[in-house]
Amino acid sequence: HLEALKRFGRWTDVLAAPPFPPELPVATAYRHYVRGVALSALGRLEEAKAELAALHKALPAIPRDAAWGSNTAAAVMAVAPLALAGEIAYRQRSLPTAVSSLQEAVALEDALKYDEPPPWTVPSRHALGAVLVGARRYAEAEAAYREDLRRYPENGWALQGLAKALEGQKKSAQAAEVKARLQKARARAEAKI
């Protein structure tokens, strides 16, 4: 539930979600991550940093044998602090730190065992690509989005990011082709990206 709210940028709803009981350490840690992303997106960076600190404190409470599909919950949740640190660094305009943190998150995500659905539901490459576009590192953003599309064909978020990366490189014809794919991908979508 929190992941869906985060995916669609429903920050107020994320922040309104109540805490989980202490006997749910994975959910508790994940909630700190999602709250941190929401607070970061809202520009409330000190609060986002507090959630990152709370996330770091919550991770050791996850039992080593707790499963998350085919992976351990600890392996999946190891992505969270890097992804959140990248989000915070981006909003602090510390682009090298944001890129580095998100690249590490991508590497940990890539190392997870295959599962359906994927263990880390929203690919870290989406945030990495967006940060790279924001840093005007368009060719690197293009590569991130193309790799994501190789893994998750015709994903609307990756198509939208790829179009921006191509536009930034003045690859107008390719960008137009990607936008056509995006229109097709979201033809039946109920929510706007």
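The values are calculated or read from the model by the stated rules, or taken from the named source; none is laboratory data. Computed from a predicted structure; not experimentally measured. Glycine gets a Cβ as well: all are built from the backbone with ideal geometry, and neighbour counts include every protein chain shown. Just so you know, the surface numbers come from the protein's heavy atoms only, side chains and all, with ligands and any DNA or RNA stripped out. Shrake-Rupley method; radii C 1.70, N 1.55, O 1.52, S 1.80 Å.
Remarks
- Unique match (being assigned to a helix (DSSP H, G or I), of a type outside the set (Asp, Glu), without any contact (Cβ under 8 Å) to a residue 40 or more places away in the chain and open to solvent by 60 Å² or more (accessible area, probe 1.4 Å)) among 150, 125, 188: 150
- Selected residue (criterion: farthest from residue 111 (Cα to Cα)) from residues of segment 88-98 that are in a helix (DSSP H, G or I) and open to solvent by 40 Å² or more (accessible area, probe 1.4 Å): 91
- Scanning segment 25-65 for residues that are modelled with pLDDT of 95 or more and not in a helix (DSSP H, G or I) gives 42, 43, 44, 62, 63.
- Considering residues of segment 46-74 that are surrounded by fewer than 17 Cβ atoms within 10 Å (Cβ to Cβ) and in contact (Cβ under 8 Å) with a residue 40 or more places away in the chain only, the residue nearest to residue 2 (Cα to Cα): 69
- Per-region count, segment 161-179, residues exposed (fewer than 12 other Cβ atoms within 10 Å of the Cβ) and assigned to a helix (DSSP H, G or I): 2
- Test result for residue 82, without any contact (Cβ under 8 Å) to a residue 60 or more places away in the chain, buried (at least 22 other Cβ atoms within 10 Å of the Cβ) and under 17 Å from the mean Cα position of the chain (by Cα): no
- Qualifying residue in segment 93-101 (condition: closer than 16 Å to residue 30 by Cα, of a type in the set (Gly, Ala, Ser) and in contact (Cβ under 8 Å) with a residue 24 or more places away in the chain): no
- Residue list for segment 128-147, restricted to those being assigned to a loop (DSSP other than H, G, I, E, B) and either free of Cβ contacts under 8 Å to residues at least 40 places away in the same chain or open to solvent by less than 20 Å² (accessible area, probe 1.4 Å) (or both): 136, 137
- Verdict on residue 105 being aliphatic (A, V, I, L, M), closer than 24 Å to residue 2 by Cα and surrounded by fewer than 18 Cβ atoms within 10 Å (Cβ to Cβ): no
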